[in-house]
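Data first, discussion second: the structure below is written as structure tokens.
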Amino acid sequence: MSDSFSYEITKQLGSFSTSKSGWTTELNKISWSGRPAKYDIRSWAPEHEKMGKGITLTAEELKALRELLNSIEID
């Protein structure tokens, strides 16, 4: 199995957190290794040259997450 992969941020949707080191946690649409773009939540270095661990979601999964977040009371 190859350790190499490629990605392209096809749409930057927004950031919702910034660390002291300047990394931002963002929601983007990303195409991984030339596949159709999916929604992605992860941390990024200031110029997107490095990334942290994250989660990739289909449109259906993102809609379900939105519904879940809208249904809960956040303290």
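The values are calculated or read from the model by the stated rules, or taken from the named source; none is laboratory data. Just so we're clear, the structure is a prediction, and the values are computed from it rather than from any experiment. Cβ atoms come from the backbone with ideal geometry, glycine included; neighbour counts cover every protein chain shown. Keep in mind that these areas ignore ligands, DNA and RNA; they rest on the heavy atoms of the full protein, side chains included. Shrake-Rupley method; radii C 1.70, N 1.55, O 1.52, S 1.80 Å.
Listed by first and then second residue, the pairs linking a residue in region 1-17 that is in a loop (DSSP other than H, G, I, E, B) to a residue that is surrounded by 12 or more Cβ atoms within 10 Å (Cβ to Cβ) and modelled with pLDDT of 95 or more, with Cβ atoms under 8 Å apart and 6 or more places separating them unless they lie on different chains, are PHE5/TRP32; SER6/TRP32. Answer yes or no: is there a residue in region 29-37 that is among the charged types (D, E, K, R), part of a loop (DSSP other than H, G, I, E, B) and at pLDDT below 95. No, the conditions are met nowhere in region 29-37.
Hey, does region 59-71 have a residue that's modelled with pLDDT of 95 or more and not in a helix (DSSP H, G or I)? Within region 59-71, none of the residues are modelled with pLDDT of 95 or more and not in a helix (DSSP H, G or I).
A search for C-beta distances below 8 Å between a residue of region 64-75 that is under 16 Å from TYR39 (Cα atoms) and any residue that is at pLDDT 95 or above and open to solvent by less than 90 Å² (accessible area, probe 1.4 Å), counting only pairs 6+ apart in sequence or on different chains, returns LEU65/LEU57. When ARG35, ARG66 are checked against the criterion of being farther than 19 Å from SER4 by Cβ and open to solvent by 40 Å² or more (accessible area, probe 1.4 Å), ARG66 stands alone in meeting it.
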